[in-house]
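*Asks:* Questions regarding the structure given below will be posed in turn.
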Amino acid sequence: MIQKAHLAPHTLGEKDVPGLRAANLGGYVRPRLPVGHPLREALRTDFLSQSTRHALIRAELRSLLEVWTQAGIPALLMKGFALAEFDYDSPGERFYGDVDLLIPNDPDVIARAVHLAIAHGWRSDGQHAHPGDWTHECAHLYGPGGHIKLDVHRFVSHWWTGSQRRVKRLTNEVWDAAMPVDWAGLTVLRPSPTDQVIVNLALGRAWGDAGGVKAADFADLQLLQSKHGLEPGALARRAQEMRGTHTWAGFQAVCQPDHPEHAAALQGKSATLRLAAQQDGVLNPARLWEARLRRLPAMTFWMLRLLPDVLAAARAYRHNGDPRANLHRWARPVSGRLQRTTQGQIISAARWWIRLLYPRQAKRGTCLPRAYATYHALRRYGHPAVFVSGVARTGASVTSHAWVEDDRGVMEAYGEPLVRLRFTETFRMPSHTRMK
């Protein structure tokens, strides 16, 4: 289906609509269908909803960037939002989840940026206040209207193990080549077109996503190359400068809808991309195992401590009753918050327990026991966890889902950043809890 969406959209039929929506390609495909094609009307809602969502996000983001600009805080717009706003013919063509931007890796600048955002109605999940929890991202901000989750980066790429030296160098080179753009009267920065391809797409996927691509990557790659007249030689030279020659070659090969490994890459399981990253000195297997072994004692500790929560979740799941009855039994007042590191360890331990207990079920099929166990454990240890149930409708079919948030909204450690875009909430427990 994804191959047809990119290479032969006119051959798509009604049976392909659920797949297009699951891949977030409905808005992209619609304007590429010939006039009179039966799917144009079916995908009209996809295109319009993405356009409307982008307009709401755009308004909130511009207001914040105006504040930052007045305060002298530079921000470099990256990835999906920037592509939808500046490169595609219409924002309705390019779906994206979170908004990504880069600010200088300076604790004082990061603190000022977040505090200014909070002063203008934005919320933070608290990461900014704990530098020890910083990865390539240093803050997560939520817009005043609830339309936008802003991932504030200090580095352009994740690093899995070892020194930060490599990503610092990569980030500095992106800053040096960044280009100012007049955004309807507001000057913002964007990576150079070459860096959008090499750093944000190729290295970002193969290094940051550890061997994966996304459904929109092929379209992004073709668009950027044609719109900016990027020559193969210039891209190869930039990849070499960034020490990503093998990664760039592997990405070009795999990021083709007709490549035999493309489907595996969409699941983050491309052997070609992982090997290329290793050849470029990233994802060193020995260092990865070393890092896993360092985490093993803490993971073992929390998996043992979560045994009562997992057993309670398994019993509730086995009885298959109304989740609210179980949640009422488990309700207990909380008066504080767990540290972010502890939250992540509990969430990770619950995830591993569910993988062990239900090895033959898909991730979507284990959402309820996982949410039960995570909610039960977080509440037991004093964190204001919130159990949320929702549904998604595609035509006549309805898909239910369950997940866990807290009083600040979707939890980064839970690993489902787009859950509120894909599912409409049906109930939450405690029912009175709303994001602060």
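*Asks:* Amide H of Gln164: which non-local residues (sequence gap of 5 or more, or other chain) have their own amide H closer than 5 Å, using H built in the peptide plane?
*Replies:* none
*Asks:* Which values of log₁₀ I(q)/I(0), to two decimal places, follow from the Debye formula for region 18-57 at q = 0.35 Å⁻¹ with a uniform point scatterer at every Cα?
*Replies:* -1.16
*Asks:* At 1.4 Å probe radius, can you tell me the per residue accessible area of the chain in Å²?
*Replies:* 46 Å²
*Asks:* Helix-derived [θ] at 222 nm for the chain: sum -39500 (n - 2.57) over DSSP H runs of at least 4, divide by residue count, nearest 500?
*Replies:* Details: 19 runs with 204 residues, N = 436.
Taking each H run of at least 4 residues, the total per residue is -14000 deg cm²/dmol.
*Asks:* Got a sec to turn the phi values of region 74-87 into Karplus ³J(HN,Hα) couplings, 6.51 cos²θ - 1.76 cosθ + 1.60 with θ = phi - 60°, whole Hz, x for Gly and Pro?
*Replies:* The phi angles translate into x, 9, 10, 7, 10, 6, x, 4, 5, 5, 4, 6, 10, 10 Hz.
*Asks:* Per the 1.4 Å probe, what fraction of the accessible area of the chain, in percent, lies on carbon and sulfur atoms?
*Replies:* 54 percent
*Asks:* Applying the Karplus parametrisation 6.51 cos²θ - 1.76 cosθ + 1.60 with θ = phi - 60° to the phi angles of region 139-146, what ³J(HN,Hα) value in whole Hz is obtained for each residue in order, glycine and proline being reported as x?
*Replies:* Values, residue by residue: 6, 10, 10, 10, x, x, x, x Hz.
*Asks:* Search the structure for amide H atoms under 5 Å from the amide H of Ala139, placed 1.01 Å from N in the peptide plane, and list their residues when 5 or more places away or on another chain.
*Replies:* Val152
*Asks:* Pick out, from Leu266, Thr194, Leu102, the residue whose Cα sits farthest towards the positive end of the charge dipole of the chain, with +1 on the Cβ of Lys and Arg and -1 on the Cβ of Asp and Glu.
*Replies:* Among Leu266, Thr194, Leu102, the one farthest towards the positive end of the dipole of the chain is Leu266.
*Asks:* How large is ³J(HN,Hα), in whole Hz, for each residue of region 255-268 in order, when computed from phi with the Karplus curve 6.51 cos²θ - 1.76 cosθ + 1.60 and θ = phi - 60°, using x for Gly and Pro?
*Replies:* 7, 9, x, 9, 6, x, 9, 4, 5, 5, 5, 5, 9, x
*Asks:* Filter the cross-link list Lys149/Lys214; Lys4/Lys269; Lys15/Lys149; Lys15/Lys79; Lys168/Lys227 down to pairs whose alpha-carbon distance in this structure exceeds 26 Å.
*Replies:* With Cα atoms farther than 26 Å apart: Lys15/Lys149; Lys15/Lys79; Lys168/Lys227.
*Asks:* Distances over 31 Å make up what percent of all Cα-Cα pairs in the chain?
*Replies:* 45 percent
*Asks:* Okay, next question. Give me the net charge for the shell around Arg393: Cβ to Cβ below 12 angstrom, other residues only, Lys and Arg +1, Asp and Glu -1.
*Replies:* Value of the local net charge: +2.
*Asks:* Sticking with this one: What net charge is computed for the residues neighbouring Ala312, neighbours being all others with C-beta under 12 Å from the C-beta of Ala312, Lys and Arg scored +1, Asp and Glu -1?
*Replies:* +4
*Asks:* Could you work out the relative contact order of region 153-205? I mean the mean sequence separation of Cα pairs under 8 Å and 6+ apart, divided by the number of residues, in percent.
*Replies:* 33 percent
*Asks:* Roughly how compact is region 93-208, stated as its Cα Rg over 2.2 N^0.38 Å to two decimals?
*Replies:* Rg over 2.2 N^0.38 Å, computed on Cα atoms: 1.09.
*Asks:* Taking every Cα atom in region 289-369, find the radius of gyration and the maximum pairwise distance Dmax, and write them in Å.
*Replies:* Considering region 289-369 through its Cα atoms, Rg and Dmax are 14.3, 43 Å.
*Asks:* Right, another one. What does the charge count around Thr374 come to, taking other residues whose C-beta lies under 9 Å from its C-beta (Lys +1, Arg +1, Asp -1, Glu -1)? If you can, show how the numbers build up before the last one.
*Replies:* Details: positive: Arg351, Arg370; negative: Asp309.
My count for the surroundings of Thr374 gives +1.
*Asks:* Can you send over the solvent-accessible area of Ser63, 1.4 Å probe, protein chains only, in Å² to the nearest 10?
*Replies:* Approximately 60 Å² for this residue.
*Asks:* Same structure, new question: Write down, largest first, the equivalent ellipsoid semi-axes of region 217-356 in whole Å, where each equals the square root of 5 times an eigenvalue of the alpha-carbon gyration tensor.
*Replies:* In descending order the semi-axes read 44, 20, 15 Å.
The values are calculated or read from the model by the stated rules, or taken from the named source; none is laboratory data. Worth saying up front: this structure is predicted, and the values here are computed from it rather than measured. No Cβ is skipped: glycine too gets one built from the backbone with ideal geometry, and neighbour counts run over all protein chains shown. We work out accessible area using only protein heavy atoms, side chains counted, and drop any ligands, DNA or RNA first. Shrake-Rupley method; radii C 1.70, N 1.55, O 1.52, S 1.80 Å.
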